Every structure is written in C-alpha cells, then in structure tokens.
1. In what order do 59, 15 fall by count of nearby beta-carbon atoms within 10 Å, going from fewest to most?
2. Give me P(r) over the stretch 56-96, computed from all C-alpha to C-alpha distances, binned every 10 Å, as integer percentages.
3. Under 20 °C and 1.002 mPa s, how fast does the chain diffuse according to Stokes-Einstein, given a Kirkwood radius computed over C-alpha pairs? Answer in µm²/s, whole number.
4. Going by the alpha-carbon gyration tensor, a ≥ b ≥ c the square roots of its eigenvalues, is the stretch 18-57 rounded (a/c under 1.5) or, if a/c is not under 1.5, prolate (a/b greater than b/c) versus oblate?
5. What is the chain's relative contact order, in percent, from Cα pairs under 8 angstrom and six or more apart in sequence?
6. Based solely on its DSSP helices, what 222 nm [θ] is calculated for the chain when runs of n ≥ 4 H residues each add -39,500 (n - 2.57) and the sum is averaged over all residues, nearest 500 deg cm²/dmol?
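Since every read-out is calculated from the coordinates, none of them should be taken as a lab result. Predicted model, so just to flag it, every value in this text is computed and none were measured. A quick note on method: Cβ atoms are made from the backbone with ideal geometry, for glycine too, and the neighbour counts reach across all protein chains shown.
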Amino acid sequence: MIVHHVLFWVKADTSEDQKIAFRKGLQSLEAVEVIKTLHIGTPVMAIDRPVVDTTYTFSLTVFFDDLAAHDVYQVHPVHKAFLEEFRVFFEKVVIYDAE
C-alpha cells in the first residue's frame with residue numbers, strides 16, 4: 001500500500017469562494033479509478049501541541065494499492081486538470097509518500 005499525503009498552503013489573498021472551489025477540486029480527484037481511499041481535511045485548531053503543525057490550509061490523503069497505482073494517478077487527466085486549474089491558489093505544497 002502507498003499513502004500519498006499532500007499538505008497545501010493557499011495564498012493569503014485566496015477568497016472563501018476560491019477555497020470552496022479548491023476543496024471541490026480536491027474532491028474531483030475521487031474520479032481517479034486507482035484511488036483506494038481519499039480523505040480531505042483541514043487543521044484541527046483545537047489541538048495545541050508544539051509538535052502539531054496547523055499552518056497548512058488543506059490536507060489530502062490518498063491510499064493506493066501499490067506504486068503502480070500511484071504512478072497512474074500522477075499522470076491521470078483528472079489529476080493533471082486539478083493541478084492546471086488550482087496550482088495558482090497555493091503558495092506551498094509538501095508531499096509525504098509512505099509505504
């Protein structure tokens with residue numbers, strides 16, 4: 001199993017409507033058939049511990065059966081369309097891939 005965890009920091013001038021559209025864009029990734037499970041989240045601000053990073057805007061966690069499925073996702077038209085449309089909204093992205 002491969003876990004693909006992406007943290008997005010959207011630009012400070014991103015409007016609430018743009019954030020809603022961004023989240024819908026993340027949800028559109030569910031159409032990629034090789035995804036086993038997908039979860040979209042935001043920081044839990046009520047957790048106040050020095051080791052917890054709450055500075056990101058959106059978290060995307062995607063589970064794949066294997067590396068081959070992950071690789072299909074990376075070049076899938078739905079994923080590419082998301083990046084093309086929404087790349088302008090984020091100023092930083094950090095990705096953690098684990099097996």
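1. Working: 59 15, 15 10.
The most exposed by this proxy come first: 15, 59.
2. So the P(r) values, bin by bin, are 23, 54, 23, 0.
3. Values: Rh = 14.2 Å.
D = 151 µm²/s.
4. Values: a/c = 4.04, a/b = 1.86, b/c = 2.17.
Since a/c reaches 1.5 but b/c is at least a/b, the shape of the stretch 18-57 is classed as oblate.
5. Numbers: 152 pairs, mean separation 51.0, N = 99.
Result for the chain is 51 percent.
6. Values: 3 runs with 32 residues, N = 99.
So the helix-based figure for the chain works out to -9500 deg cm²/dmol.
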